[in-house]
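Student: Just dropping this structure here.
The values are calculated or read from the model by the stated rules, or taken from the named source; none is laboratory data. Since the structure is predicted, the reported quantities are computational estimates derived from the model, not experimental observations. We place every Cβ from the backbone using ideal geometry, glycine too, and count neighbours over all the protein chains shown.
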């Protein structure tokens, strides 16, 4: 009987933790804005992805098929995140890279679906970028599957 109560209490605690608003769980970032400031500078689609960890529709970003030389920056704070040298066509419908620039991104576990994924975000402003998977090309074997609305491409 005691074991059943323990399991019930542990389950309730886990559900309560998942229900906490993102702001409660978020750490402080170098660049921070109020919710009103983020909403004023972003389109509704950008806000949903970058601030609420949404996902844009596959194939909707023109950056997916962009192979010009340049750098991909964070739309939220203009930090350089990815080089075009590390971009490849993953066939998923989202811009994909096999690695980020040094000290550009942060990661955390994403438990929103039935399995744990690795979420990536801008290390400077916390904007959600996408997820990292272990099915990418050499040399890293990683696929940084990103939302184009989170990025700004700057050609060389």
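Student: Looking at the range 35-59 only, could you name the residues that are in a loop (DSSP other than H, G, I, E, B), surrounded by fewer than 14 Cβ atoms within 10 Å (Cβ to Cβ) and touching a helix residue (DSSP H, G or I) at 6+ places or on another chain (Cβ under 8 Å)?
Tutor: 43
Student: Mind telling me which of the residues 30, 68 ends up being in contact (Cβ under 8 Å) with a residue 60 or more places away in the chain, assigned to a loop (DSSP other than H, G, I, E, B) and closer than 20 Å to residue 155 by Cβ?
Tutor: Testing whether each residue is in contact (Cβ under 8 Å) with a residue 60 or more places away in the chain, assigned to a loop (DSSP other than H, G, I, E, B) and closer than 20 Å to residue 155 by Cβ leaves just 68.
Student: From the residues in the range 87-137 that are modelled with pLDDT under 95 and assigned to a loop (DSSP other than H, G, I, E, B), which one is farthest from residue 30 (Cα to Cα)?
Tutor: Here the answer is 114.
Student: Another question, if that's okay. Name, by its number, the condition in (1) in contact with a strand residue (DSSP E or B) (Cβ under 8 Å, 6 or more places away or on another chain); (2) surrounded by fewer than 20 Cβ atoms within 10 Å (Cβ to Cβ); (3) over 21 Å from residue 43 (Cα atoms) that does not hold for residue 104.
Tutor: Failing condition for residue 104: (2).
Student: Going through the range 138-156 one residue at a time, which ones are assigned to a loop (DSSP other than H, G, I, E, B) and in contact with a helix residue (DSSP H, G or I) (Cβ under 6 Å, 6 or more places away or on another chain)?
Tutor: Restricting attention to the range 138-156, the residues satisfying the condition of being assigned to a loop (DSSP other than H, G, I, E, B) are 138-142, 147, 156.
Hit for the range 138-156 is 147, nothing else.
Each row is one residue, and each column tells you yes or no for (1) over 26 Å from residue 39 (Cβ atoms); (2) in contact (Cβ under 8 Å) with a residue 12 or more places away in the chain; (3) surrounded by fewer than 16 Cβ atoms within 10 Å (Cβ to Cβ); (4) under 12 Å from the mean Cα position of the chain (by Cα).
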position: 98; (1), (2), (3), (4): yes, yes, no, no
position: 134; (1), (2), (3), (4): yes, no, yes, no
position: 145; (1), (2), (3), (4): no, yes, no, yes
position: 153; (1), (2), (3), (4): no, yes, no, no
position: 156; (1), (2), (3), (4): yes, yes, yes, no
